[in-house]
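Student: I am attaching a structure below and will ask some questions about it afterwards.
Just so you know, all these numbers are worked out from the coordinates, no wet-lab data involved. Remember, it's a predicted structure, so these values are computed and weren't measured experimentally. Cβ placement follows ideal geometry from the backbone for every residue including glycine, while neighbour counts extend to all protein chains displayed.
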Amino acid sequence: MNASAVVFYILSAFILATGLLAVTSRKIFRTAIWLLFSLTGVAGLYFWLGMQFIAAVQVVVYVGGIVVLIIFSIFLTQQSGKDLPSPLRRRTVFSALAACIGFALTCLLLSRYSSFRVKESDYDFAPDMSISAIGNQLLSTSEHGYVLPFEVISILLLAAMIGCIVIAMKSKPGDK
Amino acid sequence: MLSIENITHSIDVWLYGTFNPTAALLLESLIVGLCAITLFAVLGLVLVLMERKVSAYMQIRLGPNRVGPGGALQTVADTLKLAMKEGLTPDGADKFLFNLAPFMVIVVAMLILVPVAFAKGTQIWDINIGVLYISAVSSLSVIGILMAGWASNNKYSLLGAMRSGAQIVSYELSAGLSIISIVTLTGSLRISDIIDSQQDGWWLFKGHIPAMISFVIFIIAVTAETNRAPFDLAEAESELTAGFHTEYSGMKFALFFLAEYVNIFIVCAIAATLFLGGWMPLHIGHWTAFNHAMDYIPSSLWFIGKTFFLIFVIMWFRWTFPRLRIDQLLSLEWKYLLPLSLFNLLLMTLISIKGWHF
């Protein structure tokens, strides 16, 4: 086991442990913080893979954006100091069952398609991961370009933004 | 010629010659970590002293003048005092998160240090996504503040944390857009590429008016992001006692204090890198003789000089402008700075496509 593998196992153990804590903690704010650590660990895994752009995007979107949003909504809505009520027994059983089935499915897929495993020779093939390559691919109109999904997602986000503004807009007391 | 680049290179060669690669890498990481911690300690001492001296100068008084020559050892004495104090954890607090928050803040400050170029060839990791990494990691610092404010179980702390969260999340947009406007000129996110592109002049001068506008916006935005006056609503002492760190004492308080000053240093270093050429000496176009004369000043001095000049400007703000109200603060960002920086980005893109910059 070389140093790289040690780093991988440490990162994975960190992600799994904090993920487990996130779903078992009874304080809702702590849950958000454990989720944050788990997502940061995933970003660390991307760094370990050498995918720096994805790692930075993971931090920006999930950690800096979504978790902050979650924390704000906890602050504004929940009585965040109190312990959450313990979940129903039935729900616990079903969630555990669902998690086990998901794990089994992943294992099955991995064992069946193990031919996709990265071979030593594949390491020579290094994809172009520079920012300009990603940017060109994202906006290219050629066969493997991503300009159409990019634009569709932009319109979706714009619609969501306008929807938020309309919901949040207060009408002045005078006009109806 | 003795330079930091040569010293680090010779240490690197010696380590790899003496030990096997894994041990050498570990030792290098250890040395870099020790250097970072030392830098933090020194920065804390120097910047707090500088703040007190600058504020004294602005208010026509002497400032600290008893401990050491001209009061130079005052902050060392203060640090010793803080280290002696008891680190109290309130009874009603969430003890784990309360104690975790200061470390979170300081670790985030350390992580942002990674791609900063301190001198020619002196950089911890010249990462491919340099400035994106910086803006990504700096968005984490809000988590530590929110954690501290919530875990203290104190209304003032919670209010301070909420304000700080709203403030940092909003001003990140303007700071990011100003960074992007420089990236459109350089065409690269890598810090070393950005510095190399300023070989014949700094972007502040080469990029015409839009570069100056984005420089001003960036300075305003980072002043807000580091919770400095006139945007220090997170700790507004006249309204919230001390905001999110009301309940902290001893070394835990000192870590928040240290993180604030280190963050100021880092954002000023980034501003110096993006707009004032980082360690690049003042070069003007093709004036070869002038450029050579400027090269005699070591690159580390250029970097430190520019950074400390910007730190001085930010301290100057603190003692000049009155504090904003929270609604004024948010309308300043969303109604004025954000549209301005979006428009400025378009203008900058036009300049960079047409090649109008020098």
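Student: Hand me the list of helices (runs of 4 or more DSSP H) wholly inside region B:107-226 holding 3 or more residues that are under 20 Å from residue A:60 (Cα atoms) and more than 9 Å from every other protein chain (Cβ to nearest Cβ).
Tutor: It comes to B:130-138, B:141-151, B:155-186, B:208-225.
Student: Anything in region A:39-92 that is within 12 Å of chain B (Cβ to nearest Cβ), of a type in the set (A, V, I, L, M) and closer than 21 Å to residue A:27 by Cα? List them, or say none.
Tutor: A:39, A:63, A:66, A:67, A:68, A:69, A:70, A:71, A:74, A:76
Student: Among the residues of region B:1-22, how many are more than 14 Å from residue B:121 (Cβ to Cβ) and surrounded by fewer than 10 Cβ atoms within 10 Å (Cβ to Cβ)?
Tutor: Counting residues in region B:1-22 that are more than 14 Å from residue B:121 (Cβ to Cβ) and surrounded by fewer than 10 Cβ atoms within 10 Å (Cβ to Cβ) gives 2.
Student: Okay, next question. Check A:14, A:72 and return the single one that is touching a helix residue (DSSP H, G or I) at 6+ places or on another chain (Cβ under 8 Å) and closer than 26 Å to residue B:171 by Cα.
Tutor: A:72
Student: Exactly one of (1) under 19 Å from residue B:195 (Cα atoms); (2) loosely packed, with under 15 Cβ neighbours inside 10 Å; (3) not β-branched (Val, Ile, Thr) is unmet by residue B:280. Its number?
Tutor: Of everything listed in (1) under 19 Å from residue B:195 (Cα atoms); (2) loosely packed, with under 15 Cβ neighbours inside 10 Å; (3) not β-branched (Val, Ile, Thr), residue B:280 misses just condition (2).
Student: Another question, if that's okay. Residues of region B:69-86 being among the small types (Gly, Ala, Ser) and surrounded by 15 or more Cβ atoms within 10 Å (Cβ to Cβ), which ones?
Tutor: Hits for region B:69-86 are B:71, B:72.
Student: Would you confirm whether any residue within region A:95-113 is of a type outside the set (Val, Ile, Thr) and within 12 Å of another protein chain (Cβ to nearest Cβ)?
Tutor: no
Student: Given the conditions (1) over 19 Å from residue B:215 (Cα atoms); (2) assigned to a helix (DSSP H, G or I); (3) not hydroxyl-bearing (Ser, Thr, Tyr), which single one is not true for residue B:322?
Tutor: Residue B:322 satisfies every listed condition except (2).
Student: For residues that are of a type in the set (S, T, N, Q) and closer than 23 Å to residue B:262 by Cβ, tally how many sit in region B:49-88.
Tutor: Selection size over region B:49-88: 4.
Student: Can you tell me which residues in region B:227-253 are among the small types (Gly, Ala, Ser), over 17 Å from the mean Cα position of the chain (by Cα) and in a loop (DSSP other than H, G, I, E, B)?
Tutor: Answer for region B:227-253, where residues must be among the small types (Gly, Ala, Ser), over 17 Å from the mean Cα position of the chain (by Cα) and in a loop (DSSP other than H, G, I, E, B): B:234, B:236, B:242, B:249.
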